[in-house]
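Just below is one structure, and these are the notes that go with it.
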Amino acid sequence: MMSRTSLFPSFMNFKNVCQIIHDMRIKQIKFIAFLVVFVNISLFYFSLRLFNYYHKIAIGEITSTVYIENEPALELKLLSSNKISEKLISKLVTVVIREFETHANDVSSTVYSILKIFKDIQIFILYDKIPYPPLEINTRNFSRSNLKQWNLSPSLGKPTPQSPVSSIDTKYVLFIPDATRVVSVHPIQNLLKKADEYKGSIVVSPVSGNRELECFRLNVKTKEWSLKYNIIKSSYCDVINGKQVILLETELLKNLSNPFLLPFPSSLYIQTSALNVKALILNSGMFHEGNSKFRTHHAQWKLKQINQERLKSLYKLFRIKLVVKGGKNEYYGCNRETPRCFESVIDSIPVYLYENRWTPPCCLTHLRKTTKYILGLLDQFGLRYWLESGSLLGAVRSGDILPWDHDVDIGYINEDSNRCKWLQMAQNKSVIDNKGFYWEKVKEGNYFRVHFSKTNRIFVNLFPFSHKNGTMSRNLFLDSRKNMEFPDNFLHPMSSVEFIGRSVPCPNNVREFLENKFGKGCIERPEYPNRKMRKFQMN
């Protein structure tokens, strides 16, 4: 039997083994704890470095942008996942505030909202006369060096001021209308990315609080002095209507003859559409509405009147006399109280034909009105009359006045003259009838003219014809017009033709009658009144 003494060492050895195991576990736990702490610290360190890296991207110190030599700004080559920083936007964009009224505006607050987001961005405030009261722009905590006001009108005795375009050294220009708030960087980020995607296009974002922007296709007809707006269901078009923020490339702005002309942006779109530049509506990232100074009905009416006067000046400068919008014709040329749009006609050729243009649409409208009035009077007084010369040619071709014609010709039987009191009165002295039309006798040609008014001398010719040995002839004393005689059987019987919306008497066998005057194929072959002086041009 083993003694207790012999058992004690074995117990002691077991106890030592347990102590050793316990110590090893403590060391293992400490190592694991150290390892966990080390890993966490490492993760924190690398996370901090990664955060610092993206922070530098955000402030523009490190970007995925590629710099192109000889370019005035950084070329946008940003990944869609990256954000364009405030600092980079300030390098890429110049803000222009043009669309505001000098007597009542919210420009100061608009500028302040921009500077709160972009402290270093360049801002141009453009006006045609010095704002009164003066603009008090709150720029506390901001530098005024990047804020400039431009008076675009030359002072008396001083040269025209340098255009602001030449002072813009950024890749893009951002037009922000008055009473607009920029509350974050995101809307401008979106505009820049879309502008990089649609290079050469204008990118537009609406200002919230306004109705949806309207998209128009613009048809400019220089020859016809006209603009036609056709509304389309699209976000990519020629003209955008509504309160909007506009981003475009500075280079495009430099290609325009009058980039800051009022009313803006109407003037901008007319010029860019002539260059076949399209505008894109970007509905995401909208800008906020500010404090409008034109909320009352009277203020809105006054603003509408101001814009209407600006449109008149704009269309006059661009030589546009007819605007068609929403199916409605708006004329910006002559009227009854102003002279017609062209001066003297030499050798039967109006000056506008030398400019490769046709008769201004306002003049044509007044000529149609005068013609309808005269035809009604001739019917009322019972005169025997018919459509003559180029007017008859226009009636046969299109039922209207030739688009390049400047008058209307009507022949009548001379012995019927005493039936019309206005012809009798005009025999001795020019007279204005009770409808405001001006009647005069052209003594050199022994015929009459009826003008739209005494001031606006667009006219209808009334040629008296007499029977002479089976021929209808006129007294052509000092009259430059040729081929006015014709056999009287063309009037026995008379026929009729549609002209300016009504039926008008005309000679029978119209083709033979016209070819007798103008030559074979005259109906199918357009010619100007004096082909020796000016050849016909369709385009």
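Values computed for the structure shown
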{"quantity": "Projected label distance in nm at His298 and Ile523, using a 7 Å step from Cα toward the beta-carbon", "calculated": "6.4 nm"}
{"quantity": "Loop sites in segment 236-314: trypsin sites (Lys or Arg not before Pro), DSSP, at most 10 other Cβ within 10 Å", "calculated": "Arg295"}
{"quantity": "For segment 120-133, 3J(HN,Hα) per residue [Karplus equation, 6.51 cos²θ - 1.76 cosθ + 1.60, θ = phi - 60°, Hz, x = Gly/Pro]", "calculated": "10, 6, 7, 10, 10, 10, 10, 8, 8, 9, 4, x, 9, x"}
{"quantity": "Stretch gain in nm, segment Phe536-Asp416, where the contour uses 0.36 nm per residue and the Cα spacing is subtracted", "calculated": "39.5 nm"}
{"quantity": "FRET efficiency, 1/(1 + (r/R0)^6) with R0 45 Å, evaluated for Ser108 and Glu343 via beta carbons", "calculated": "0.40"}
{"quantity": "Gyration tensor (alpha-carbon) shape descriptor, segment 308-379, a/c threshold 1.5", "calculated": "oblate"}
{"quantity": "Amide H within-cut-off set for Val239, under 5 Å, with H built and near neighbours excluded", "calculated": "Phe216, Leu218"}
{"quantity": "Solvent-accessible surface (1.4 angstrom probe) belonging to Glu415, in square angstrom, nearest 10", "calculated": "130 Å²"}
{"quantity": "Hz values of 3J(HN,Hα) by residue in segment 243-254 - Karplus curve (6.51, -1.76, 1.60), Gly and Pro given as x", "calculated": "6, 8, 9, 10, 10, 8, 6, 4, 4, 5, 4, 5"}
{"quantity": "Inter-probe distance in nm under a simple model that places probes 7 Å from Cα toward Cβ, at Asn230 and Tyr354", "calculated": "3.5 nm"}
{"quantity": "Segment Leu218-Val183, extension gain: residue separation times 0.36 nm, minus the distance between their alpha carbons", "calculated": "9.3 nm"}
{"quantity": "Whole-Hz couplings from phi, Karplus 6.51/-1.76/1.60, listed for segment 339-347; x for Gly and Pro", "calculated": "x, 5, 7, 9, 8, 5, 9, 10, 6"}
{"quantity": "Listed pairs Lys148/Lys193; Lys87/Lys129; Lys312/Lys369 exceeding 25 Å between Cα atoms", "calculated": "Lys148/Lys193; Lys87/Lys129"}
{"quantity": "Relative contact order (%) - segment 276-383, alpha-carbon pairs under 8 angstrom, separation at least six", "calculated": "15 percent"}
{"quantity": "Modelled label reach - Lys129, point 7 Å along Cα→Cβ, segment 284-309 residues with backbone N closer than 17 Å", "calculated": "302-309"}
{"quantity": "Computed E for Glu251/Arg397 - FRET, C-beta separation, R0 35 angstrom, nearest 0.05", "calculated": "0.15"}
{"quantity": "Amide hydrogen neighbours beyond the local backbone of Phe287, cut-off 5 Å, H modeled", "calculated": "Ser208"}
{"quantity": "Cut-off under 5 Å, modelled amide H: who pairs with Trp150 long-range", "calculated": "Ile125, Leu126, Tyr127"}
{"quantity": "Virtual spin-label span in nm between Asp120 and Ala274, 7 Å along Cα→Cβ", "calculated": "3.9 nm"}
{"quantity": "Calculated FRET efficiency for the pair Met425/Lys468, C-beta based, R₀ 35 Å, to 0.05", "calculated": "0.80"}
{"quantity": "Potential extension, Val442-Phe381 segment - 0.36 nm per residue separation minus Cα distance", "calculated": "19.8 nm"}
{"quantity": "Whichever aspartates and glutamates have a C-alpha closer than 17 Å to that of Lys435, once near sequence neighbours (fewer than 8 apart) are set aside", "calculated": "Glu337, Asp379"}
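The values are calculated or read from the model by the stated rules, or taken from the named source; none is laboratory data. What you are looking at is a predicted structure, and each value in this text was computed from that prediction instead of being measured. With ideal geometry, Cβ positions are generated from the backbone for all residues, glycine too; neighbour counts draw on all protein chains shown. Calculation scope for accessible area: heavy atoms of the full protein, side chains included, ligands and nucleic acids excluded. Shrake-Rupley method; radii C 1.70, N 1.55, O 1.52, S 1.80 Å.
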